[in-house]
Amino acid sequence: MSHPSIQPACAIRTGRPSDADDINSLLDAWEMGGDFEPTEFLVAESEGRIAGVARVDRMDGYVWLHPIAVAAGYQRQGVGSALLEGLLRQHGSIRVVARGASVPFYAHLGFFPTEWDEVASSLKAECDGCTDAAECRPVPMCHRGLQPTECEEQQSV
């Protein structure tokens, strides 16, 4: 994957403790708040500002993207794609429960739908308890990674 539309000043790096307020503000803007350590995130930084963040969580034997957020002024510039590429290089296969509107974004990057019975129990509980689930239309998806993984077999099904 290449990202020619990302500003040359955009860098992907590991989050730092000093990023905590900016990460929390970005996540809150997308209603994705949580109790996360800033060092658990990959951060896309442009001209000293956080353009986007992403982290993974190991649950039920899989690596799950949880969460990813790109600041409004940086969307459609390759920031989310660059963050996902960085995570795929680090972790190989990644799964996500995609909000319905974001399914085309993930599909474009090589993610494909999987079954709900493969979703981590804590993520299922989040979706089951969400009052916006009908509007959100969540879809579990998997990326086989930048190397063969367990998802490769599912993709051929």
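May I ask you to derive the relative contact order of the stretch 44-84, considering only C-alpha pairs under 8 Å and at least 6 residues apart, and to give it as an integer percent?
Normalised by residue count, the contact order of the stretch 44-84 is 38 percent.
Quick one: Cα convex hull volume of the chain, Å³ per residue?
Hull volume normalised by residue count: 115 Å³.
Can you tell me how the stretch 59-120 classifies by the Cα gyration tensor, rounded, prolate or oblate, using a/c under 1.5 as the rounded cut?
Verdict is prolate for the stretch 59-120.
Would you mind working out the magnitude of the charge dipole of the stretch 15-157 relative to its Cα centre, with +1 at each Lys and Arg C-beta and -1 at each Asp and Glu C-beta, to the nearest 20 Debye?
In debye, rounded to 20, the stretch 15-157 gives about 460.
A short reminder: the numbers here are calculations on the coordinates, not readings from a lab. The shown structure was predicted, so the numbers you read here are calculated from the model rather than taken from an experiment. Cβ atoms come from the backbone with ideal geometry, glycine included; neighbour counts cover every protein chain shown.
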